[in-house]
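Inspection log for the structure reproduced underneath, given as structure tokens.
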Amino acid sequence: MLYENSLVSDLFAAVVCCGVIFAFLLLWQVTAKCGVDQKLNRKLVHISIGLVFMLCWPLFSAGYRGAILAAITPGVNIIRMLLIGSGIWKDEATVKSMSRYGNYRELLKGPLYYAITVTLACVVYWRTSPIGIAALCNLCAGDGLADVVGRRLGRKKLPYNRNKSIAGSVAMATAGFLSSVGYMYYFSYFGYIQDGWGMILRFLVVSLASALVESLPISTELDDNLTVSLTSIFIGSLIF
């Protein structure tokens, strides 16, 4: 706790968290303007924001108020995606850093699903549930690196989906699993969850299932931000 008054502490933590996240968003907007490949830049946003946000969770108190105040940051981003994606708010830098083709309406799909997942994982599961950790790690690290690796090393395609590669799927399962284990130890250090081999094996199952679903054609048709999140939460709810 930053202060003896937990409410003041949570409010201060919310300001710090919001500042850190929007500093990263500003960074990726700058890199987009500087000519960084748009697809790579979009994935850097995808990978970093949710993971950095989770790093801030120990700043907040353990109760429901802490979760709600922490969720303000991604909650604000939901509103931003709705306003920019609907054309009400013009923000070309954000569109360029978060969209595939530079169309502002793309923000109403993947980026919006991403912000909703991060917000719900925070409010519903908070830092005491491995389900939230699995959902965010597979969404951010797993799905993000799957695209980066797949575009560079994905010469061999999956037989059931020629739009996906073996390298991308392996990268997703590996990154999602390793980041989940890393955050398991991170939160167990603060006493929020228990670590152990049983937990590690469960994280592996969730990451493999998420990578499998992400590789299916339906994930391309719907949106992998949506299918990966739902899969992680569903499988996590069954085994944790």
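The values are calculated or read from the model by the stated rules, or taken from the named source; none is laboratory data. From a predicted model like this one, the values you see are computed outputs, not experimental measurements. Cβ sites come from the backbone with ideal geometry, for glycine too, and all protein chains shown count toward neighbours. Just the protein is used for accessible areas: all its heavy atoms, side chains included, with ligands, DNA and RNA removed. Shrake-Rupley method; radii C 1.70, N 1.55, O 1.52, S 1.80 Å.
Tell me whether region 42-54 contains one or more residues that are touching a residue at least 24 places away in the same chain (Cβ under 8 Å), over 13 Å from the mean Cα position of the chain (by Cα) and either buried (at least 20 other Cβ atoms within 10 Å of the Cβ) or farther than 24 Å from Ser188 by Cβ (or both). No.
Take region 32-47 and flag every residue that is part of a helix (DSSP H, G or I) and farther than 12 Å from Leu136 by Cβ. Reasoning before the result, please.
Here is the first cut: in region 32-47, the ones part of a helix (DSSP H, G or I) are 32-33, 38-47.
If the condition is that a residue be part of a helix (DSSP H, G or I) and farther than 12 Å from Leu136 by Cβ, then Ala32, Lys33, Gln38, Lys39, Leu40, Asn41, Arg42, Lys43, Leu44, Val45 are the ones that fit.
For Lys164, the conditions (1) in a helix (DSSP H, G or I); (2) in contact (Cβ under 8 Å) with a residue 24 or more places away in the chain; (3) over 24 Å from Ile21 (Cβ atoms) all hold with the exception of (1). Restricting attention to region 158-216 and to residues that are surrounded by fewer than 16 Cβ atoms within 10 Å (Cβ to Cβ) and of a type in the set (S, T, N, Q), the residue that is nearest to the chain's Cα centre (by Cα) turns out to be Ser188. If the condition is being of a type in the set (Asp, Glu) and within 12 Å of the chain's Cα centre (by Cα), then region 122-157 contributes only Asp143. Please tell me if Cys34 is among the hydrophobic types (A, V, I, L, M, F, W, C), open to solvent by 30 Å² or more (accessible area, probe 1.4 Å), in the same structural domain as Thr117 (by the TED database) and touching a Ser or Thr at 6+ places or on another chain (Cβ under 8 Å). Criteria not met by Cys34.
Tell me which residues, restricted to region 11-41, are within 14 Å of Leu55 (Cα to Cα) and touching a residue at least 12 places away in the same chain (Cβ under 8 Å). Talk me through it step by step, then tell me what you get.
We begin by selecting, within region 11-41, every residue within 14 Å of Leu55 (Cα to Cα); these are 13-14, 16-21, 24.
Ala13, Ala14, Val16, Cys17, Cys18, Val20, Ile21, Phe24 - these are the residues of region 11-41 that are within 14 Å of Leu55 (Cα to Cα) and touching a residue at least 12 places away in the same chain (Cβ under 8 Å).
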